[in-house]
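Some notes on the structure that comes next.
Bear in mind that the values in this text are calculations on the coordinates, not laboratory data. Note that the structure is a prediction, hence the values are computed from the model and not measured. Heads up, the Cβs are rebuilt from the backbone with ideal geometry, glycines too, and the neighbour counts pull from every protein chain shown.
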């Protein structure tokens, strides 16, 4: 037993006399990092995780491709309608010249649904395949999880909106010809406004998806609020019903994008869409906190 007992400083004697520590077999980097706290968590780590998951899903790429094709086709068709309808070239009359960015704005009424599909997949796909359980194990804070998803969705859809707006304007310009007006500052403003609207609608969709937990239910609800309900309310042409329609996110967004001020200033339309997005996120967070995955 002599010579084999550990010493008071935690070292063991080697047979040849020199002392060594029990962890001498570990790599040097492992010994150096053994006492450090783990890194990469928090909101930054959650955003990085959601970013990686987003681009690993094949359907996201299909949504982006669909958005590009829809914007190009719709903007081209609308530009053809404008060019064919503007047959009066008398300089004394209103020639109906349109900014090329306005064509992209009008085309977004259809194109936005490709972006909406992308946004709802970020949350509803996890409920559909059960991976939301794993996500909540890695990110147990519901608020942090939803905030991370919001940051990723808003950033991606804003960038997508800039791309789509640029494509719409680029397609419309040669088709409109003399009936189109390209002013760099005006066009950039239209494109950025379109991108901001799409980002807010995507966040609104994300919040609804977290609350409803169903891709079909979320898509139907968004479609009703953006397209069907406003149109239906305006059919009787009654003041109170028109006011309700103007307060819905789709109508408010178009008021903002088109600069219309009959019902309220255009900037108010942006505030209304922002309010719908925040309300949807709060509803989604309440459901996340109350119900298990």
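Using the scaling law 2.2 N^0.38 Å as the reference, what is the normalised Cα Rg of the stretch 162-240?
Values: Rg = 17.2 Å, N = 79, 2.2 N^0.38 = 11.6 Å.
Cα-based Rg divided by the globular estimate yields 1.49.
Can you tell me, using C-alpha contacts under 8 Å and at least 6 residues apart, the relative contact order of the stretch 46-290 as a whole percent? Walk me through the numbers before you get to the answer.
Working: 344 pairs, mean separation 58.9, N = 245.
With pairs under 8 Å counted, the relative contact order is 24 percent.
In whole angstrom, how far apart do the alpha carbon centroids of the stretch 263-293 and the stretch 186-219 sit?
A separation of 11 Å, based on Cα centres.
How far, in nm, would the chain grow between residue 291 and residue 183 when pulled straight, counting 0.36 nm per residue and subtracting the alpha carbon separation? Don't jump to the answer; show the numbers that get you there.
Working: separation 108, 0.36 × 108 = 38.88 nm, distance 5.13 nm.
Net length gain for the segment: 33.8 nm.
Using a 10 Å cut-off around each Cβ, can you sort 139, 105 from fewest to most neighbouring Cβ atoms?
Values: 139 22, 105 25.
Ordered by Cβ neighbours within 10 Å, fewest first: 139, 105.
Please list the radius of gyration and Dmax for the stretch 157-293, considering alpha-carbon atoms only, with Å as the unit.
Both quantities, over Cα of the stretch 157-293: 17.0, 59 Å.
Suppose R0 equals 35 Å; then what is the FRET efficiency for residue 128 and residue 73 from their Cβ-Cβ distance, rounded to the nearest 0.05?
Working: r = 30 Å, r/R0 = 0.85.
FRET efficiency, residue 128 to residue 73: 0.75.
What whole-number value in cubic angstrom gives the convex hull volume per residue for the C-alpha atoms of the stretch 46-290? Walk me through the numbers on the way to the answer.
On the way: hull volume 32.2 nm³, N = 245.
Convex hull volume per residue, Cα atoms: 131 Å³.
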